[in-house]
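Engineer: Submitted below is the structure of interest, expressed as structure tokens.
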Amino acid sequence: MSSQPIKNSLRRFVPLLLILLLSAPVALAQPVTGRLLTPGVVVEGALDDNNLAQVYTFEGAADQTIKLTVTGASGLALLLTDSEGAPVAQAVAANDTLALADVTLPATGTYYVTVFRLSEATESVTFQLSLALVVVEAAPTATLPTPEAKVEATAEAAATPAGFTLPGELLTVTGLQVALTWNSTANLDLEVRDPVGGSLFFNTPTVSSGGQFGVNVNSVCANLTAEAPTETASWTAGVIPTGSYEILVYYQPLQDCPTTDPASFVVSVVVDGLSVPAIQGTLRPNEVFLSSFRVNADGTAAVGSGGIRVDPPVLQAGTLQAAPQPLTFGAPAAGFITSGQPYQTYTFTGQAGDIVSMAMNATSGSLDPLLLVVDPNGGVIAFNDDAADGVTDSLVVNLSLVLSGQYTVVATRYGQEIGGTEGDYELTLSGAVTQGIVPNFPDLPSGSVEVSLQWATAADLQLLVRDPQGNSIFDDNPRLLATGGQLAADGNVNCRASDGSPISYIYWPEGRLPGAGPYEVEVWYQNECGDPRPAQFVLNVVANNQLVQSVTLQLQPTERYLTSFFINTDGTITAGEGGIFGTSLRPDSGSLDFVGQIPSARVVSSGETVTGSIRLNKKFDVYAFQGEAGDVVTISMEGLNGTLDPVLFLIDPNNVQIAQNDDANRDTTNSLISEFTLPEDGQYIIIATHFGARFGVTAGDYRLTLRLN
């Protein structure tokens with residue numbers, strides 16, 4: 001990118017350039033002795049007060065592609081003209097290397113190369129000049145669907161380049177003009193992003209490359225017009241950057257006088273008096289149209305693809321078919337994005353529970369990076385356009401991986417295939433540790449306590465948190481007014497498909513911790529949603545930005561996982577035990593070590609009612625009774641106080657669980673095993689416990705009754 005002083009210097013040398021051009025038919029008609037350029041051979045030259053320019057010649061063929069390179073001195077300019085003195089290409093540079101790359105010659109004949117300085121200094125400088133022939137291989141052109149609001153790409157815009165070429169500069173007589181015109185009072189807005197990173201629109205009406213924005217039309221309700229409203233972006237005569245220009249058209253309805261009808265528009269582009277094919281489309285409110293055009297070093301221009309921006313971004317067709325490059329943790333990878341190569345793919349191997357981060361930073365050109373992360377199942381689980389307000393680099397921070405396997409990182413740009421920014425970038429992958437890192441969810445509110453659940457299938461996993469008062473937060477009760485706890489995301493609830501990786505998220509607002517006591521966390525594989533596979537999940541509990549607990553586990557349909565955390569009176573937080581508590585239809589007593597307590601179990605008789613208590617340090621009570629095959633037994637367990645959520649298990653004489661109950665009906669948490677027929681004679685065991693068995697934390701007193709008939 002040239003600095004503004006260099007551009008100003010070139011403008012001061014326009015008269016010299018015009019003299020050279022006007023005198024070319026005479027001067028170039030004379031043989032240039034000793035100035036014949038041969039491909040691959042470097043020639044030396046000098047400039048001083050008596051030699052303001054040096055002219056060289058070579059014979060070229062139509063459609064031949066060449067490259068001219070000047071090294072050894074800074075502040076030089078390079079001009080290529082044909083045998084009639086007409087300019088073919090030109091460039092300037094602030095450093096000691098100057099190049100005219102990939103210039104296609106328009107005709108067979110003699111060509112002249114002029115080297116001159118941009119400064120008024122008189123001291124002598126030397127330089128080296130070389131000519132190279134470039135072999136151009138034909139590249140396939142990608143064909144995109146062409147609905148109403150799409151523009152076909154020309155071969156120039158669609159050809160796949162070997163790499164990103166830094167923008168050069170084109171000296172123009174009439175400059176560059178871009179105009180947006182539409183047919184209604186809708187508030188359309190034009191933005192043009194130049195090849196060197198400038199963004200020209202109503203908020204930034206001037207850019208360093210020399211562009212100027214016109215009038216912001218239809219932006220005020222009292223001053224609307226449907227008579228061909230037009231917005232313009234223009235560069236005056238003189239130097240303009242070569243390379244890709246991105247065009248954005250926004251449909252931004254006004255708050256006080258909104259419009260809802262579609263608006264058709266035309267974007268016209270004129271490069272130094274040469275019109276390129278018009279860009280046309282139709283927008284609806286809040287949509288964004290993207291397209292691009294390319295200004296070449298020889299002054300020609302070509303239009304790129306166009307269409308409506310997709311938000312949130314999705315994988316483009318064929319993206320994952322490209323051969324990916326391996327991405328190594330901590331080792332930056334370099335790449336480039338152009339209109340011929342709008343994305344590059346990378347892969348890395350991750351383990352379930354890993355926390356990873358990745359950054360895509362533009363290092364040249366106008367590139368506006370966009371990152372997408374794809375899990376082993378092919379689903380987009382994370383993406384980022386801008387790392388922060390005003391920062392167009394992309395950053396995915398502390399992404400919690402749900403599955404083990406190969407992940408794909410797609411490095412692309414804003415707008416992907418229909419975008420227009422180009423440049424080099426550096427991609428860095430970091431992390432890959434399973435403990436101690438707090439996951440990051442930029443679209444969700446932060447809190448003093450955060451409980452997050454992620455998975456990677458279409459299944460409906462329910463997240464529930466029960467507080468020390470026994471109140472539960474879940475999708476049917478998303479907010480606790482007393483404590484401020486609330487559900488901010490509910491994954492695939494009711495089989496509603498989520499974008500990317502499903503997430504459920506419960507939090508308490510920042511400022512202070514919620515009340516002290518035990519908090520119970522439940523994950524329930526509630527509905528298959530057409531995907532009956534096991535669902536692997538990652539559960540994280542974060543308090544005061546510290547990771548309290550991280551669990552990675554696989555659930556079968558209807559299974560429940562239970563764990564807990566404790567907020568202590570001194571503000572510290574500790575994690576409780578966790579494990580699977582059977583299914584919603586069949587709670588499991590397997591986590592309880594009840595066999596050792598059978599010899600001391602209290603014996604109960606038919607018709608007897610007993611009382612007991614469940615505490616954090618006493619998870620269950622054991623009772624025994626004698627039964628005979630064919631007896632019909634009914635057992636009830638009623639919570640009397642506290643937060644107790646009763647659960648009953650019936651164990652046969654072989655210590656096998658044969659009956660169980662969590663809730664007697666939908667209106668109570670009390671438990672009831674009703675009219676169960678005993679299969680054999682012997683001693684039966686009743687286990688009185690709470691929801692979650694070993695892993696639960698509800699507590700209180702209860703009343704238990706046994707009846708045999």
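The values are calculated or read from the model by the stated rules, or taken from the named source; none is laboratory data. None of the values given here were measured: they were computed from a predicted structure. Heads up, the Cβs are rebuilt from the backbone with ideal geometry, glycines too, and the neighbour counts pull from every protein chain shown.
Engineer: Ser209 versus (1) under 19 Å from Leu290 (Cβ atoms); (2) buried (at least 19 other Cβ atoms within 10 Å of the Cβ); (3) among the hydroxyl-bearing types (Ser, Thr, Tyr): which is the lone unmet condition?
Structural biologist: Among (1) under 19 Å from Leu290 (Cβ atoms); (2) buried (at least 19 other Cβ atoms within 10 Å of the Cβ); (3) among the hydroxyl-bearing types (Ser, Thr, Tyr), Ser209 violates only (1).
Engineer: Exactly one of these conditions fails for Gln626: (1) under 23 Å from Leu672 (Cβ atoms); (2) not assigned by TED's automatic domain parsing to the domain that holds Ser674. Give me its number.
Structural biologist: Result: Gln626 passes all but (2).
Engineer: Restricting attention to the stretch 267-287, and to residues there that are under 31 Å from the mean Cα position of the chain (by Cα) and buried (at least 19 other Cβ atoms within 10 Å of the Cβ), which single residue is nearest to Ile240 (Cα to Cα)?
Structural biologist: Ranking the candidates gives Val267 first.
Engineer: Residues being among the hydroxyl-bearing types (Ser, Thr, Tyr) and either under 29 Å from Ala388 (Cβ atoms) or touching a Gly at 6+ places or on another chain (Cβ under 6 Å) (or both): count how many of those fall in the stretch 442-475.
Structural biologist: 3
Engineer: Evaluate the stretch 496-508: report whether one residue or more is over 24 Å from the mean Cα position of the chain (by Cα), of a type outside the set (Lys, Arg) and surrounded by fewer than 21 Cβ atoms within 10 Å (Cβ to Cβ).
Structural biologist: The answer is no, given that none of the residues of the stretch 496-508 is over 24 Å from the mean Cα position of the chain (by Cα), of a type outside the set (Lys, Arg) and surrounded by fewer than 21 Cβ atoms within 10 Å (Cβ to Cβ).
Engineer: Go over the candidates Gly340, Gly330 one by one and state the one that is in contact (Cβ under 8 Å) with a residue 40 or more places away in the chain, outside any strand (DSSP E or B), over 19 Å from the mean Cα position of the chain (by Cα) and buried (at least 19 other Cβ atoms within 10 Å of the Cβ).
Structural biologist: Criteria check complete, one pass: Gly340.
Engineer: Within the stretch 518-541, how many residues turn out to be surrounded by 15 or more Cβ atoms within 10 Å (Cβ to Cβ) and either on the phi > 0 side of the Ramachandran plot or not assigned by TED's automatic domain parsing to the domain that holds Ser452 (or both)?
Structural biologist: 1
Engineer: When Leu399 is evaluated against the numbered criteria (1) of a type outside the set (Phe, Trp, Tyr); (2) closer than 14 Å to Phe348 by Cβ; (3) touching a Phe, Trp or Tyr at 6+ places or on another chain (Cβ under 7 Å); (4) crowded, with 19+ Cβ neighbours inside 10 Å, which criterion, by number, is the only one it fails?
Structural biologist: That leaves (3) as the condition not met.
Engineer: Would you confirm, using the coordinates I've provided, whether Gln486 is surrounded by fewer than 19 Cβ atoms within 10 Å (Cβ to Cβ) and within 21 Å of Thr569 (Cα to Cα)?
Structural biologist: Answer is no for this residue.
Engineer: So in the stretch 633-671, with the set limited to residues that are of a type in the set (Val, Ile, Thr) and more than 51 Å from the chain's Cα centre (by Cα), which one is surrounded by the fewest Cβ atoms within 10 Å (Cβ to Cβ)?
Structural biologist: Applying the filter and picking the extreme gives Val656.
Engineer: Can you pull out every residue in the stretch 672-701 that is assigned to a strand (DSSP E or B) and under 52 Å from the mean Cα position of the chain (by Cα)?
Structural biologist: Scanning the stretch 672-701 gives Leu672, Ile673, Ile687, Ala688, Thr689, His690, Gly700, Asp701.
Engineer: If you scan the stretch 225-258, which residues turn out to be loosely packed, with under 13 Cβ neighbours inside 10 Å and either within 27 Å of Arg413 (Cβ to Cβ) or not small (Gly, Ala, Ser) (or both)?
Structural biologist: Answer for the stretch 225-258, where residues must be loosely packed, with under 13 Cβ neighbours inside 10 Å and either within 27 Å of Arg413 (Cβ to Cβ) or not small (Gly, Ala, Ser) (or both): Thr225, Glu227, Gln255, Asp256, Pro258.
Engineer: To continue, here is another question. Among the candidates Arg586, Arg615, single out the residue that is closer than 20 Å to Tyr702 by Cβ, over 36 Å from the mean Cα position of the chain (by Cα), modelled with pLDDT of 95 or more and of a type in the set (Lys, Arg).
Structural biologist: Result of the check over Arg586, Arg615: Arg615.
Engineer: With (1) buried (at least 18 other Cβ atoms within 10 Å of the Cβ); (2) in contact (Cβ under 8 Å) with a residue 24 or more places away in the chain as the list, and Asp261 as the residue in question, which single condition is left unmet?
Structural biologist: Going through (1) buried (at least 18 other Cβ atoms within 10 Å of the Cβ); (2) in contact (Cβ under 8 Å) with a residue 24 or more places away in the chain one by one, Asp261 breaks only (1).
Engineer: Further, regarding this structure: Which one of the conditions (1) surrounded by fewer than 19 Cβ atoms within 10 Å (Cβ to Cβ); (2) out of contact with any Asp or Glu (no Cβ under 8 Å at 6 or more places or on another chain); (3) not in a strand (DSSP E or B) does Ser589 fail to meet, given that it meets all the rest?
Structural biologist: Failed condition: (1).
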